[in-house]
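A quick write-up on the structure given underneath.
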Amino acid sequence: MSLPPLVEAAAGLTPQEVRRYSRHLIIPDVAMTGQKRLKNARVLAVGAGGLGSPVLMYLAAAGVGTLGVIDFDVVDESNLQRQIIHGQSDVGRPKAESARDAINEINPYVQVRLHTERLDSSNAFDIFAGYDLIVDGTDNFATRYLVNDACVLLGKPYVWGSIYRFDGQASVFWAEYGPCYRCLYPEPPPPGMVPSCAEGGVLGVLCASIGSIQATEAVKVLIGTGEPLVGRLLVYDALEMSYRDIKVRKDPECPICGKNPTITELQDYEAFCGVISDEAMHAAQGSTLTASELAEMRSRGEKFVLVDVREPAEFEIVRIPDSVLIPKGELPSRMSELPLDQPVILYCKSGVRSAESLAMLKAAGFSTAKHVQGGVTAWSLQVDRSLPVY
Ligand code: ZN
């Protein structure tokens, strides 16, 4: 299925632009008209991170006339392994500003618009209204549903990508011509079930593989050439080095793009997706220690068993001393290893997985179990600053 061009062509190209874009201009499927459409195009990248980096850099180089960057975060050293739009000297700077400088360096003909606020239901319509197409590179479900719903309600195409370890996915959601994100994923995963890249890791170059697919799709949709990933989910496995193409159909019962939509305005997406399950929230009430409190218990010589519920690779990076490793997934089958006569204290990286594990332990009768708020990260920041934070 080929689709009509999304953007009208600009009046013309300057001689400098002709020189710059000559390798596009001699492709029959792009040519002068396609390049003039790119010049007129306005694309918003949600997030200047792992996926946003290659997307913004290639769309800038390609001559997309207006690029918007929405990001409220600052560049952290742990971003540089994959977020190639930022460099060493950008650490500590707002990502949006760092991305703008990189774009200006790649192509001074691009107009860059920065949005340094956090995208939410109150500002999404206003921000999206200024763009033809939205490219999403965020890694949280609340933002994905928000971007999807805003795009459906405004009738804009949504170029989506997702990355985790060696696995990537990409698609183009455009309700006018195919399914939306909710047709593919009607419900967010239960809180705590799907680890983020910060918890599970991501191969740096995977961002380039998926981000370049997103940039390619954006160009195709803008100029109306080829077969976009509308109604198709591309699944990439970098370990196998394979791409699979899965058909996705529009769900007639979809609450936002189906026959009888029930969602007609933006929602509370944090509440819809949840950060932590109700069970975990309940279990953690009154059973949460700070890292400093844990250190004080140690220095008082109190007896307890400290259990790390992260994965072995994380345990190898940094751990709280004298802890045993029982990954969250193994906890149900390894509860017999835990003592009944001493309190069990759980920790993970940030306190989400440990809270979920705490709910499991409490349900199994470990009524004195507790967990550490902020996990090993809090320990590294508050108790032993010689330990690394990952
Ligand atoms: Zn839908």
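Odds and ends about this structure:
- Per-peptide packing, taken as the mean over residues of other Cβ atoms within 10 Å, places 377-385, 42-50, 10-18 in the sequence 42-50, 377-385, 10-18 from highest down.
- Counting only aspartates and glutamates at least 8 places from Lys362 when in the same chain, those with an alpha carbon closer than 20 Å to its own are Asp278, Glu279, Asp308, Glu330, Glu337, Asp341.
- Three principal axis extents of the range 15-273 based on alpha-carbon atoms, in descending order, are 51, 42, 40 Å.
- The listed peptides 148-158, 25-35, ordered by packing as a protection proxy, come out as 148-158, 25-35 (highest mean of other Cβ atoms within 10 Å first).
- Accessible surface for the chain, divided over its residues, is 46 Å² per residue with a 1.4 Å probe.
- Of Lys156/Lys220; Lys36/Lys95; Lys303/Lys349; Lys303/Lys328; Lys349/Lys370; Lys36/Lys250, pairs whose Cα-Cα distance is over 21 Å: Lys36/Lys95; Lys303/Lys349; Lys303/Lys328; Lys36/Lys250
- Local electrostatic count, Glu293, Cβ distance below 15 Å [Lys/Arg +1, Asp/Glu -1]: 0
- Over the range 209-273, relative contact order from alpha-carbon pairs under 8 Å, at least 6 apart, %: 15
- When you count the other C-beta atoms within 10 angstrom of each residue and take the mean per peptide, 170-178, 341-349 line up highest first as 170-178, 341-349.
- Length-normalised contact order for the range 15-273 - Cα pairs under 8 Å, 6+ apart - percent: 19
- The residues packed around Asp132, meaning those with a beta-carbon under 15 Å from its beta-carbon, carry a net charge of +3 if Lys and Arg are +1 and Asp and Glu are -1.
- Within-13-Å neighbourhood charge of Tyr158 [Cβ basis; K, R +1; D, E -1]: -2
- Helix-derived mean residue ellipticity, 222 nm - over the chain, DSSP H n ≥ 4, -39500 (n - 2.57), to 500: -9500 deg cm²/dmol
- Relative contact order of the range 148-262, taken over Cα pairs closer than 8 Å and 6 or more residues apart, is 32 percent.
The values are calculated or read from the model by the stated rules, or taken from the named source; none is laboratory data. Just so you know, these numbers come straight off a predicted model, no measurement behind them. So basically every Cβ, Gly included, is an ideal-geometry build from the backbone, and we count neighbours across all protein chains shown. Areas reflect the complete protein model, heavy atoms only, side chains present, ligands, DNA and RNA absent. Shrake-Rupley method; radii C 1.70, N 1.55, O 1.52, S 1.80 Å.
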